[in-house]
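Chemist: I'd like to ask you about the structure that follows.
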Amino acid sequence: MASFRRKPCFFNLGISAVNFDTSNIYSLAINERGAKTAIGLGLKVEVGLPSQFLDRYWNQANSLVLVMALPIVVRLLANRNLNKDTDPVVIAIDESGEFVIPVLGGHRGANRLASELSSRKGSTAVITTASEKKGISAADGLSGFSAQGEVAALIELMLEGLDPVIDNEINWPGPINLKNGAGPARIIISDKKMKLSENKASPEVQLIPASLVLGIGCSSDASAAEVGSLIETVLERNSLDIRAVAKIATIEIRRDHPAIVGQGIEIESFTAEQLDQVDVPNGSEAVRDHVGTRSVSEAAAILGSRFGQLLVTKEKSVKATVSIARIRPAGSIKLVGLGPGSSMMRTPQAVEALLGSEVVIGYQPYIEQCQELLSPHQLIIRSPIGDELKRVKLALEYASAGRSTAIVCSGDPEVFAMASITFEVLHSTSISNGTKPTDLPEVSVVPGITAGLASGALLGAPLGHDHAYLSLSDLLTPWETIENRIEKFAEADITIVIYNPQSKTRTWQLPKALDIIAKHRKPQTAVAIVKNVGRQNQQKLISTLDSVDPGIVDMNSVVIIGSSTTTRFGDYIFTPRGYRI
Ligand code: SAH
């Protein structure tokens, strides 16, 4: 059976993205104080004997977080057979949670995981690897690639300022910040099987992208062993590296077949109808009579590679066929919501999206908001306020060149943020160039906790019943439209959440809005102002429509106006849903 990527690096995201799966961080504390620290960091934790814990999770975990003194961790690790390429990421955290220390796998995710964890409670990540310190991409931590060769010698030369010669004959989008230099080191970007020079003075490192798709067909009585050995033989015969395999592509009816699933490789499947539409070198009518398509392995490899290059046409064993295609790199745009501020209010999906992006674009303060997740491997583009269109156009440019690109937003990307303008640009690009939406880079939206929801939570439950979000920004929407909506929302007796309520230049709109609302609601209606929710200096202030002081509202505030049923209860307000209690 072909075995590879048995232990995909947690953060080694890229073409074959591994999910950022918080359930795959195993953490252990040796006492209750440590357990509390782990829980405070949002980790699931066991309390017990460390050596038993390591025995249990060493081979199955991607990341182990040990909440205990560093000397204990060192002694525990001294008893194990360590292997730089396959060890899990190991992080030590002192009992009080003040220091988060990457112990093993710094370049394979430990540094970034430590930075992420430390951001959750404002503790310190103790990063000691030289390349991170100097802001250099460490070749063995590059997203989307496996590395082999004289990595340490290469990094040494890079630290001395000597950029390697880059040899990229397969024309795969290389690490974005890697500069082509004069050597003496050499980086070869390739999915081929290679013998590298062992000369440390002119070190060679191969970066292996996840660039290959194995198209596989098999009969219903094929075994995993047969398919595995066919894969190995075909890769060997064609000098392709097994670590470059991104996925298996096959026909829908074999998707769950043990011979396919048994390879332990990500699977993509296509219907017979989809496969039959692909032009292939070796189609067969007999196969069509049997499964409804003239080709399984070649057609699946072609579809799975997004019509990339078919490198190996159909090769057979008794009960299986394999073809191999090289993926056509496709860029993507992810609109990533960071939540209102604190990293505890950021979703793991947002973290995953950021770690897996080669380019991260955002308004400067939002880049700062996720700073601890960013690395020297990424191209970070800080953009001034008001440059929204430029941000999208840049993202589209990078994505069209095959790069995974993220645009970061505070809160949620849909709520008065970058998602709609991105779709507007794609829509108009598609119309003006006549491009089909499916031929443009893939776009996805990663939701975040919007300021209104975070504020609602801080206040209790003002959004417990129907409510509306309203922006007072009249930069893009005429004031008459806004005023008309305020009037209608006020009449509708629903809670109103006001974004962009006031700024140095937006001064008269909020008092005007409150006047309009006061025509429809009682003077005692609850009004709340929340400033800097989820950030330092978070403040909430509960008042009423006739006594609220709009003067204290700034651009980092939301204003929530209750409905007729919104009730004050101490430091909280809530809107009942109508239960009879
Ligand atoms: N996409 C963001 C909203 C961007 S519009 C979201 O979903 O939250 C900018 C407005 O959002 C600000 O003027 C303010 O009204 C509100 N806002 C954003 N972050 C905030 C925070 N941390 N505290 C209070 N209001 C915030």
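The values are calculated or read from the model by the stated rules, or taken from the named source; none is laboratory data. Values in this document were obtained by computation on a predicted structure and should not be read as measured data. So basically every Cβ, Gly included, is an ideal-geometry build from the backbone, and we count neighbours across all protein chains shown. The area values use the complete protein model at the heavy-atom level, side chains included, leaving out ligands, DNA and RNA. Shrake-Rupley method; radii C 1.70, N 1.55, O 1.52, S 1.80 Å.
Chemist: Is there a residue in segment 402-422 that is among the aliphatic types (A, V, I, L, M), out of contact with any strand residue (DSSP E or B) (no Cβ under 6 Å at 6 or more places or on another chain) and within 30 Å of ASN532 (Cβ to Cβ)?
Modeler: yes
Chemist: Please indicate, with yes or no, whether at least one residue in segment 422-433 is free of Cβ contacts under 8 Å to residues at least 40 places away in the same chain and within 13 Å of the ligand (Cβ to nearest atom).
Modeler: no
Chemist: Only one residue in ARG243, ARG254, ARG294 is surrounded by 14 or more Cβ atoms within 10 Å (Cβ to Cβ) and over 23 Å from ARG328 (Cβ atoms). Which one?
Modeler: Going through ARG243, ARG254, ARG294 in turn, just one is surrounded by 14 or more Cβ atoms within 10 Å (Cβ to Cβ) and over 23 Å from ARG328 (Cβ atoms): ARG254.
Chemist: Name the single residue, out of those in segment 333-351 being open to solvent by less than 40 Å² (accessible area, probe 1.4 Å) and more than 15 Å from the ligand (Cβ to nearest atom), that is nearest to LEU453 (Cα to Cα).
Modeler: The qualifying residue nearest to LEU453 (Cα to Cα) is VAL351.
Chemist: Here's a follow-up. For segment 307-321, which residues satisfy the criterion of being open to solvent by 20 Å² or more (accessible area, probe 1.4 Å) and either within 17 Å of GLU252 (Cα to Cα) or assigned to a strand (DSSP E or B) (or both)?
Modeler: Those that are open to solvent by 20 Å² or more (accessible area, probe 1.4 Å) and either within 17 Å of GLU252 (Cα to Cα) or assigned to a strand (DSSP E or B) (or both): GLN309, LEU310, LEU311, THR313, LYS314, GLU315, LYS316, THR321.
Chemist: While we're on this one: Can you tell me which of (1) of a type outside the set (Phe, Trp, Tyr); (2) more than 15 Å from the ligand (Cβ to nearest atom); (3) in a helix (DSSP H, G or I) is the one ALA419 doesn't meet?
Modeler: Only one criterion is unmet by ALA419, namely (2).
Chemist: Kindly establish whether ALA301 is among the hydrophobic types (A, V, I, L, M, F, W, C), touching a Gly at 6+ places or on another chain (Cβ under 9 Å) and part of a helix (DSSP H, G or I).
Modeler: Against the criterion (among the hydrophobic types (A, V, I, L, M, F, W, C), touching a Gly at 6+ places or on another chain (Cβ under 9 Å) and part of a helix (DSSP H, G or I)), ALA301 qualifies.
Quick grid of which residues meet (1) touching a residue at least 40 places away in the same chain (Cβ under 8 Å); (2) of a type in the set (S, T, N, Q):
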residue: GLU169; (1), (2): no, no
residue: GLY174; (1), (2): no, no
residue: ASN180; (1), (2): no, yes
residue: PRO184; (1), (2): no, no
residue: LYS195; (1), (2): no, no
residue: VAL205; (1), (2): yes, no
residue: SER211; (1), (2): yes, yes
residue: CYS218; (1), (2): yes, no
residue: ALA222; (1), (2): yes, no
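Chemist: Given the conditions (1) more than 14 Å from VAL559 (Cα to Cα); (2) open to solvent by less than 70 Å² (accessible area, probe 1.4 Å); (3) within 27 Å of the chain's Cα centre (by Cα), report the number of the one that GLY464 does not fulfil.
Modeler: The one condition GLY464 does not meet is (3).
Chemist: Oh, and also: When segment 397-438 is examined, which residues are found to be loosely packed, with under 14 Cβ neighbours inside 10 Å and within 19 Å of the chain's Cα centre (by Cα)?
Modeler: Once the filter is applied, which keeps residues that are loosely packed, with under 14 Cβ neighbours inside 10 Å and within 19 Å of the chain's Cα centre (by Cα), segment 397-438 yields nothing.
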